[in-house]
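Worksheet: the structure to be examined is printed underneath.
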Amino acid sequence: MRAHPARLTAFPAFFRVDGAVVLIVGGGEEALNKARLVAETTAQIRIVAPEGEQPDAGLVQFVLDGGYSLRTGTLQDYDFTNVKLAFVATGDAVRDGQIAAQIRARHIPVNVVDRPHLCDFFTPALVAHAPVAVAIGTEGAGPVLAQKLRREIGAALSPQIGALAQLAADYREKVEHTLPQGAARRQFWNEFFNGAVMRAVERGDLKAARDSADAALSEAGIPSGYVWLVGAGPGAEDLLTLRAQRVLMQADVILYDALVPEGVVAMGRRDAVRIPVGKRKGCHSKSQSEINHLLVELGMQGKRVVRLKSGDPLIFGRAGEEMAALRAAGIAFEVVPGITSAFAAAADMNLPLTLRGVASSLIFTTGHDMAGDELPDWARLALSGATIAVYMGASVAASVAGRLMNAGLHEDTAVAVVENAGRDDRTMLHGLLKDLAHLENHKELSGPVMVIIGDAVAGASLEHARPLAQQQQQVSDAPSLRVTRSKTQEKAL
């Protein structure tokens, strides 16, 4: 027989308390916590501290500040007038049970703090951006877990979500009188919550939001495309920005590079179309001009598109070409920055990219910039102590080192190499500029490699990094050291 899936023992619901009274019995910290929670609603708060219990100073101040009702003594008939819900938080098990029974006899739902078996309802962890509220409950099994989820969900929601919902309430009647039920009305609200109206509210520009809403009403049925150029960061899912996560959930189509992990792509809507576009060494499934054309074509179709790039879109991400194509086609877009690999690599090795009195400037470059007959202009800055972050530098490491040393950079300048920066499977190497040629012997490196050169690198933490200068035989025979965030593995190292 197939087992039934787990079912809730409590039905989640929201009580309407506007104009009603919420009764709180208790005079200590837990009573204050419940009062603060109820104060996020428009309910009236009535607090009764049990006889013989002196209310805490914090509770008294809360009542004075909010103009609420507080008295000390036993519950009386008048305490139950217009009461919709009640909380009991005396801290005494016997007293809690007696008071809960007294309240329940009045047919008023009651919650007894830290005593789930006495509760008619459970208090959720609340994410509130009025009129939007997200309630997380565990049926009393794990209040700390509920608080953890509240923090995570709260971080994922836009701080302006409440203002957007309030604006929607202002427009609801107008929409019902203007647009027929069905596809036209659904399309309007879809654009309202995901398009120009939402973006204007997030900027705090309510006038522009209303203008966009009015325009959407007059142009209902005409889809409006939009493109986000999004930085996916170095690859770790928890290094994706909150804004990037939000726009992924709004996209109809996601175009992603080969270096973007599947776990990040999967953060998009389940029904979003996902199109791989390559853009990795030896893996160019689409040319840049083809990607530009696809972005324009999808935008013209009214699609909301996320162009998902590894790292930051504006650092060696060819975002300039894509922005130019979108501007020329008149398609609205915005850039959502990401954590670039240089920052992730520096964080992995606790490496200061700038250091007072040592390095006051930072250069981003690619190995390809070193392939010409002459050194780029920035190479002169390296001689004055600038830190150099070389993207895609593994294949030209020896050439980079040789040419920098020939230009006058000291051979003992510190060097750090990080493969898969920011990820659990990263590999870290360290050495000197004269050792950089040995990078070609590390055949185990198959992911994207970041090379950082400069005197500031000498301040890096090296306990989990291997030396660059190893004999080729040793490198090929020995298993590679993969640094993870597992405490057990760190102790083993």
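Only residues that are within 12 Å of V230 (Cα to Cα) and in a loop (DSSP other than H, G, I, E, B): list them for region 319-339, please.
Passing the criteria: P337, G338, I339.
In region 38-55, what count of residues is obtained for those that are in contact with a strand residue (DSSP E or B) (Cβ under 9 Å, 6 or more places away or on another chain), more than 21 Å from V94 (Cα to Cα) and at pLDDT 90 or above?
We begin by selecting, within region 38-55, every residue in contact with a strand residue (DSSP E or B) (Cβ under 9 Å, 6 or more places away or on another chain); these are 38-41, 43-55.
Then drop every residue that is not more than 21 Å from V94 (Cα to Cα), which leaves 38-41, 43-46.
Cutting the leftovers down to at pLDDT 90 or above gives us 38-39, 41, 43-46.
Counting residues in region 38-55 that are in contact with a strand residue (DSSP E or B) (Cβ under 9 Å, 6 or more places away or on another chain), more than 21 Å from V94 (Cα to Cα) and at pLDDT 90 or above gives 7.
Count, please, the residues in region 284-304 that happen to be among the small types (G, A, S), surrounded by fewer than 20 Cβ atoms within 10 Å (Cβ to Cβ) and part of a helix (DSSP H, G or I).
Step one: filter region 284-304 for residues among the small types (G, A, S), giving 285, 287, 289, 299, 302.
If we keep only those that are surrounded by fewer than 20 Cβ atoms within 10 Å (Cβ to Cβ) as well, we get 285, 287, 289, 302.
Retained after the next criterion (residues that are part of a helix (DSSP H, G or I)): 289.
So the count comes out to 1.
Any chance you could count how many residues in region 235-283 are under 16 Å from E322 (Cα atoms), part of a loop (DSSP other than H, G, I, E, B) and modelled with pLDDT of 90 or more?
Of the residues in region 235-283, 2 are under 16 Å from E322 (Cα atoms), part of a loop (DSSP other than H, G, I, E, B) and modelled with pLDDT of 90 or more.
Would you pick out the residues in region 99-149 that are among the charged types (D, E, K, R) and at pLDDT below 85?
Here is the first cut: in region 99-149, the residues among the charged types (D, E, K, R) are 104, 106, 114-115, 120, 139, 148.
Matches in region 99-149: E139 only.
Looking at region 63-84, can you tell me whether even one residue there is within 22 Å of E139 (Cα to Cα), under 35 Å from the mean Cα position of the chain (by Cα) and modelled with pLDDT of 90 or more? Break it down stepwise before answering.
Here is the first cut: in region 63-84, the residues within 22 Å of E139 (Cα to Cα) are 84.
From the residues that got through so far, the ones that are under 35 Å from the mean Cα position of the chain (by Cα) too are none.
The answer is no, given that none of the residues of region 63-84 is within 22 Å of E139 (Cα to Cα), under 35 Å from the mean Cα position of the chain (by Cα) and modelled with pLDDT of 90 or more.
A155: over 25 Å from G225 (Cβ atoms) and at pLDDT 90 or above, yes or no? Please lay out each step first, then the result.
Numbers: over 25 Å from G225 (Cβ atoms): yes; at pLDDT 90 or above: no.
For A155, the condition - over 25 Å from G225 (Cβ atoms) and at pLDDT 90 or above - is not met.
Answer with yes or no whether E30 is under 38 Å from the mean Cα position of the chain (by Cα) and loosely packed, with under 12 Cβ neighbours inside 10 Å. I'd like the intermediate steps shown before the answer.
On the way: under 38 Å from the mean Cα position of the chain (by Cα): yes; loosely packed, with under 12 Cβ neighbours inside 10 Å: no.
No.
Take region 398-429 and flag every residue that is modelled with pLDDT under 90 and over 29 Å from E237 (Cβ atoms).
A398, S399, V400, A401, G402, R403, L404, M405, N406, A407, G408, L409
Which members of region 89-127 meet the condition of being loosely packed, with under 15 Cβ neighbours inside 10 Å, touching a residue at least 12 places away in the same chain (Cβ under 8 Å) and of a type in the set (G, A, S)?
Within region 89-127, A93 is the sole residue that qualifies.
Could you say whether any residue in region 161-174 is more than 30 Å from Q54 (Cα to Cα), in a loop (DSSP other than H, G, I, E, B) and in contact (Cβ under 8 Å) with a residue 24 or more places away in the chain?
Start the filter on region 161-174 by keeping residues that are more than 30 Å from Q54 (Cα to Cα), which leaves 161-174.
Imposing the further condition that a residue be in a loop (DSSP other than H, G, I, E, B) reduces the set to none.
Scanning region 161-174 turns up no residue that is more than 30 Å from Q54 (Cα to Cα), in a loop (DSSP other than H, G, I, E, B) and in contact (Cβ under 8 Å) with a residue 24 or more places away in the chain.
Counting only residues that are surrounded by 21 or more Cβ atoms within 10 Å (Cβ to Cβ) and of a type outside the set (K, R), how many does region 305-322 have? Explain how you work it out, then say what you get.
Restricting attention to region 305-322, the residues satisfying the condition of being surrounded by 21 or more Cβ atoms within 10 Å (Cβ to Cβ) are 305-313, 317, 322.
Among the residues that remain, those that are also of a type outside the set (K, R) are: 305-306, 308, 310-313, 317, 322.
Matching residues across region 305-322 total 9.
Out of curiosity, is V17 part of a loop (DSSP other than H, G, I, E, B) and not charged (D, E, K, R)? Full working, then the answer.
Numbers: part of a loop (DSSP other than H, G, I, E, B): yes; not charged (D, E, K, R): yes.
So V17 passes the test.
Listed residues V227, V265, V260, V201; which is buried (at least 17 other Cβ atoms within 10 Å of the Cβ), β-branched (V, I, T), touching a residue at least 12 places away in the same chain (Cβ under 8 Å) and under 17 Å from Y171 (Cβ atoms)? So that I can check it myself, show each step before the final result.
Values: V227 fails: under 17 Å from Y171 (Cβ atoms); V265 fails: under 17 Å from Y171 (Cβ atoms); V260 fails: under 17 Å from Y171 (Cβ atoms).
Every option except V201 fails the conditions.
Looking only at region 185-234, count every residue that is in a loop (DSSP other than H, G, I, E, B), touching a helix residue (DSSP H, G or I) at 6+ places or on another chain (Cβ under 8 Å), of a type in the set (A, V, I, L, M, F, W, C) and within 30 Å of E321 (Cβ to Cβ) and tell me the total. Outline the logic, then answer.
Within region 185-234, the subset in a loop (DSSP other than H, G, I, E, B) is 195, 204-205, 219-225, 232, 234.
Adding the requirement that they be touching a helix residue (DSSP H, G or I) at 6+ places or on another chain (Cβ under 8 Å) leaves 195, 220-221, 223-225, 232, 234.
Cutting the leftovers down to of a type in the set (A, V, I, L, M, F, W, C) gives us 220, 232.
Retained after the next criterion (residues that are within 30 Å of E321 (Cβ to Cβ)): 232.
Count: 1.
Could you please let me know if F87 is over 41 Å from the mean Cα position of the chain (by Cα) and of a type in the set (F, W, Y)?
no
Which condition from (1) within 23 Å of A128 (Cβ to Cβ); (2) among the acidic types (D, E); (3) outside any helix (DSSP H, G or I) is the one that D65 breaks?
All conditions are met except number (3).
Read through the list (1) under 14 Å from V418 (Cβ atoms); (2) of a type in the set (A, V, I, L, M, F, W, C); (3) surrounded by fewer than 19 Cβ atoms within 10 Å (Cβ to Cβ), then give the number of the only condition that V358 fails.
With respect to (1) under 14 Å from V418 (Cβ atoms); (2) of a type in the set (A, V, I, L, M, F, W, C); (3) surrounded by fewer than 19 Cβ atoms within 10 Å (Cβ to Cβ), V358 is out only on (1).
Only one of these is assigned to a helix (DSSP H, G or I) and under 23 Å from L355 (Cα atoms): A437, A458, A398, A416. Name it.
Details: A437 fails: under 23 Å from L355 (Cα atoms); A398 fails: under 23 Å from L355 (Cα atoms); A416 fails: assigned to a helix (DSSP H, G or I).
A458 is the lone residue from the list that is assigned to a helix (DSSP H, G or I) and under 23 Å from L355 (Cα atoms).
The values are calculated or read from the model by the stated rules, or taken from the named source; none is laboratory data. Quantities reported herein were computed from a predicted structural model and do not represent experimental measurements. Note that each Cβ is placed from the backbone with ideal geometry, even for glycine, and that neighbours are counted across all protein chains shown.
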